[in-house]
Structures are given as C-alpha cells and as structure tokens.
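Nothing in this text is a laboratory measurement; each read-out follows from the coordinates by a stated rule. As the structure is a prediction and not an experimental result, all values here were calculated from the model. Using ideal geometry, Cβ is built from the backbone for each residue, glycine included, and neighbour counts are taken over all protein chains shown.
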C-alpha cells in the first residue's frame, strides 16, 4: 500500500470513530491523549534540560533545573568551542562520519544490486555472511581489530576509525540496499542492456538515479550511526586532536566534573547537528529505518 | 560466465571491506581464545582452559545476568509502550502523527554517550531533576543517588536505554499498523468493538511478525550495548551494572589478558548469533 492510501485510510477510520463515539463521554480518548502527551514529555524533558543548562551562567547553576536562565549566556559555547577543543572534535566527527558514509555509499549499493538483480554465484551463502554481521557487537571484534590496526599503522589515525566503522555498517546497508534494488523494474535494466550499455554503465546511469531516495536514506543512517559511535574512536585514537565529539564529551565530563554549563554546551554541539538533520529529513530517515523491518 | 564475473566484481568492494575488518577479526578472536597470552604475545596453547575459567568467573555471570535483565526490561517496557503509542497514533491526524513521531524518535538521534551524560545529571543526588521532581510532589524521601546505589543503578540506566529506544518501536509499529487493511478495523467498529477490543483482537495479533522483529532487535542491542554503561557507571558501583561488553573492555584494556578477553568475545558472539539464528527461523515462519 502506498503512503497516500495509508493516510486516507487512517483519516477514514478516524472519522467513523468520531461518529460512533458521538454522544458518549470520550473518556477513553482523553486517556489515550494524556498517554501520548506524557511520553512526549519523557522524550523531550531531558533535551530541554540540557539546552537550558547550556545557556545558563555559572551563578545560576543551583536555581533549580527547570528555572529559565536569564540573561541567556552563550559563554559556555564559546568556552567549549575554543578552550576545550570542541572545534577540533567537531571537525573530526565530520571527517570520520563523512568518510564512513562515503565508503558505505560506494560499496553497499553495488553489493545490494548484485544480490537483488545479478547472477551471483553462491548468492545465499554470501548474503547469509552479511546477514550474520547484522548482530556482531563491535566490542567482540575489538580484541583482534586493535592489533590488526596497529600492524597496518592505522592506530591513532582517522582512517583507522573510518574503515572498521564502514565495515560494521555494511551488513545493515547491504541488507537495506538489496530491498531497495529489488524494486527497480527489470524492464529498465533490460532496455539498457539492449541499447548496448555495459552492466556498470547501466548501474550508474539507469539504476542509481532510480534508487536515489533509498541512497539518501542510507546516507543519513550511516552518517547518524558513525557520528554516534563511541567505542571505536575511544579505542583507536589516542591523540586529542584526532578525537570526535563523542569521545571529547565523555572526556570533558571526566576532566572538569563541575563545569556543567560547559558539558551541556558540549552535549548540545554533539547532538545538535543530528537533531537538525533528523528534523529536516524526517521522511528519508523513517523510510530507511523501516525499510528492513516491515518487509 | 561473464555475467557471473560482473556480479562478483559488484559484491567485491563491500565483501573485502567487511571481511577485512569484521570477518577476519572474528576468526582471530576465536583463535586467540585458545591460547595463553602475556603482554600482547602468545605464550602457549591453552586448549579450552580459557573457557573453563568462565565457570569460576563471578563477574562474568553477574554481567550475563545484567544483560538478561536488560533484555527482559527492554521487551517489557519500550516495546509495549511503542505498540501502545503506535496504535493510539494510528487514529490521529497525519500532522499529529508526524509531529509526535518526530518527538518520540528524537532521543534516538542523540549519541548514547551524550544521553548518558544528560541522564547522569537528572539522577544527580544534589541538583538532579529526578530528586527535585520527587521533592515537588512531596515524595522527597524516595530520592537518592540513583546511579550510585546498587539497588537502583541498573534500573535507572535502563530508563535511559528505554528513552533512546521506545521512539524507534513507535515508528516501526506505526508503519506496520498502517499496512493493515483498514476494512478490518471498520468491520470491528461496526460490530461495536471498543478501542481496547480492536487493539487486543486486531492490532496485536496482526503485528506478531513486527513484535518478533523488534524483540530480536531489542535482545541483540541488550546483549551488545556498551556506551551508556561506560560513560555513566563503568560497570559500578562494584559490579552492579557490569555487562558483557564492559567486562570484555576491562579484561582487554585494563587487565591486558588478551586470551580471556577473546574468550569472552567468543561467548558474546555465540549468544547473539544463536539468538538471531533462532529468531530468524521464527520470523520466516511467522
């Protein structure tokens, strides 16, 4: 069912529901709305709290967690950004997340296409290999990965985070891309072949443009997960000027246990871009997240 | 033949990257677990000696128990709440669905490290929101140092885990509900079925595959989560929030016992692969 028919369907049920409860006191509905709002509060209160704390001056720290900070004080942000090195951490997060995302975007759609549309030998076995990777916990490979990166000279380099990060994202990405590629019309691919296009040209010129929404979803999710990763950079990177935001924020918490304004600002810098990205691209995000789950 | 070769070339980049940085390390970890190590180099063949050590490792069993509790709590709380909220939302206007869906999912976009820091404050015994709110409603006596007390630490952390996860459940359930044939609901309504009855007899049974999927997802995440514990309690107080991943991390980086850290990794891998293998069968037949 398409999204449009699903929406009209829900609207339809809603109207008939209204008709049926007419006259009766809609206590059930009131209760249901209260439940919706309570959980909205659960979701938002901590975010609200940290935003307030990030613009609260030190003098106001103990005036109650929910009191509105006044005057609004941005010095926490400037201090965190310049003195605590968050400008570096931010750039590192950007480089590492973009690097992993690009690697995933190059490799996963190719593989997904082969699994969905090409005559791949031992297809079941290979796909099973990727499927098994869906559940592999990063901490369980770290013991060997650490030594391997050391031998390759990748320890304490951003590339040493980017490569394993992309590899860990691949099972989900290949799985999702196979689902996306299955919807590409066979006729389209055959028509290109008849016109004499090579398989790779067909893939680049015909297939990729068709699956662009799927690629967008994949890019967003890969970026989100890379940005959130903590263990890999924690283990691989020792030099402070290479660390991403997650590691920086955790270190800051340990180092200055009392600079709450600074930590709140650091937290806001760490999640702000993701929240904005999610709110702007909500539709793409949701499509990607539900792609593997519903089918 | 040429078309097969093309197909292999298409898979190769992903396969190479995946095998080099995930596949190979898994095999290595399995091999490492069979040796004794000192200071990063092999000192001898251990056979299954590392595995027999598991029996007497009380921290391991404690950690495993905590992962188990985490699985149960995740299945009981975020999953059920997700189902409930999604079924209520399904009857709201598309605009409400979009706005509330975004709000519920918002915590999932926050890195777990940051979530841990934020909630660490909420639980702070001196100025945290949790004790402050209890004070406001006259229950100040119930307040405490949530993350520092053995009896509450794990559960207090689970509230944070649920916070980042329930919105994901709402979205997945919502997508599944919207794929249910609306005539089923209309028929139930014409028969005079209340909201609760429709929920119980239409929504819940039809969503069984979705529940299985989310249950599997939740169980796997509950076995492998690390960030949240590491940034808040590091497994403490004592070993009261120790989980398998923190035990591995400590054994590897703090104790430096490569062989035993590898053994613990193998156990963790065996658990998640078994759980997912069994569930995959269930999902396929559902």
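Report, as an integer, the average count of C-beta atoms from other chains found within 10 Å of each Cβ along B:120-131.
Averaged over the peptide's residues, the number is 3.
What's the extension gain from residue B:16 to residue B:41 if we count 0.36 nm per residue and subtract their Cα-Cα distance?
Fully extending the segment from residue B:16 to residue B:41 adds 6.3 nm.
Other chains near B:20-32: what is the mean number of their Cβ atoms within 10 Å of each residue's Cβ?
6
To the nearest Å, what is the center-to-center distance of the range B:54-107 and the range B:200-249, using C-alpha atoms only?
For the range B:54-107 versus the range B:200-249, the Cα centre distance is 8 Å.
State the Cα centre-to-centre distance between the range A:209-269 and the range A:116-163 in whole Å.
21
Starting with the highest mean, order B:102-111, A:281-290 by the number of other Cβ atoms within 10 Å, averaged over the residues of each peptide.
B:102-111, A:281-290
With the Cα gyration tensor of the range A:80-294 in hand, give its eigenvalues times 5 under a square root as the equivalent ellipsoid semi-axes, listed largest first in whole angstrom.
Working from the Cα gyration tensor, I get semi-axes of 37, 20, 14 Å.
Given a Förster distance of 22 angstrom, what is the FRET efficiency for residue B:75 paired with residue B:200, based on the Cβ-Cβ distance and rounded to 0.05?
Given R0 = 22 Å and the Cβ-Cβ separation, E is 0.75.
If we restrict to alpha carbons, what Rg and Dmax does the protein assembly as shown come to, in Å?
When restricted to the Cα atoms of the protein assembly as shown, Rg and Dmax are 25.0, 81 Å.
Take the alpha carbon atoms of the range B:55-178, find their radius of gyration, then divide it by 2.2 N^0.38 Å using N residues; give the quotient.
Relative to the rule-of-thumb radius for its length, the range B:55-178 sits at 1.25.
So if R0 is 25 Å, what FRET efficiency would residue A:131 and residue B:9 give, r being the distance between their Cβ atoms, rounded to the nearest 0.05?
Using R0 = 25 Å, I get an efficiency of 0.70.
Would you please classify the overall shape of the range B:122-260 from the alpha carbon gyration tensor, given that a ≥ b ≥ c denote the square roots of the eigenvalues, rounded means a/c under 1.5, and beyond that prolate means a/b larger than b/c while oblate covers the rest?
oblate
Output the peptides A:154-163, B:215-224 sorted from most to least packed, where packing is the average of other Cβ atoms within 10 Å over each peptide's residues.
Order by mean packing, descending: B:215-224, A:154-163.
For labels at residue B:234 and residue A:275 in the simple 7 Å Cα→Cβ model, what's the distance in nm?
2.9
Could you rank the peptides B:12-19, B:267-274, B:115-122 by their average count of other C-beta atoms within 10 Å per residue, with the highest value first?
Per-residue Cβ counts within 10 Å, averaged per peptide and sorted highest first, yield B:115-122, B:12-19, B:267-274.
So how tilted is helix B:78-89 from the main axis of chain B? Cα-based, degrees 0 to 90, rounded to 10.
Helix B:78-89 and the main axis of chain B meet at about 30 degrees.
Could you tell me how many degrees, from 0 to 90 and to the nearest 10, lie between the Cα long axis of helix B:112-122 and the main elongation axis, the longest principal axis, of the Cα atoms of chain B?
70
In nanometres, what is the gap between the two model label sites at residue A:106 and residue A:155, each 7 Å from Cα along Cα-to-Cβ?
Using points 7 Å along Cα→Cβ, the separation is 2.7 nm.
When the chain is fully extended, how far beyond the present Cα-Cα distance does residue A:48 get from residue A:208, taking 0.36 nm per residue of separation?
53.6 nm is the gain from fully extending residue A:48 to residue A:208.
Within 10 Å of each Cβ in A:125-132, how many Cβ atoms from other chains are there, averaged over the peptide?
Shielding by partners across A:125-132 averages 4.
Within the range A:173-193, find all residues whose amide N lies under 20 Å from a label point positioned 7 Å from the Cα of residue A:124 along Cα-to-beta-carbon.
A:175, A:178-179
With each run of n ≥ 4 DSSP H residues scored as -39500 (n - 2.57), what mean residue ellipticity at 222 nm is computed for chain B after dividing by its residue count and rounding to the nearest 500 deg cm²/dmol?
Calculated at 222 nm, the ellipticity per residue is -21000 deg cm²/dmol.
Using the Cα gyration tensor of the range B:1-131, with a ≥ b ≥ c the square roots of its eigenvalues, what is the shape: rounded (a/c below 1.5), prolate (a/b larger than b/c) or oblate (neither)?
oblate
Rounded to the nearest 0.05, what FRET efficiency do residue B:93 and residue B:191 give with R0 = 25 Å and r taken as the Cβ-Cβ distance? Could you check?
0.50
Quick one: grab the alpha carbon gyration tensor of chain B, order the square roots of its eigenvalues as a ≥ b ≥ c, and give me rounded if a/c is under 1.5, else prolate or oblate depending on whether a/b is larger than b/c.
Oblate.
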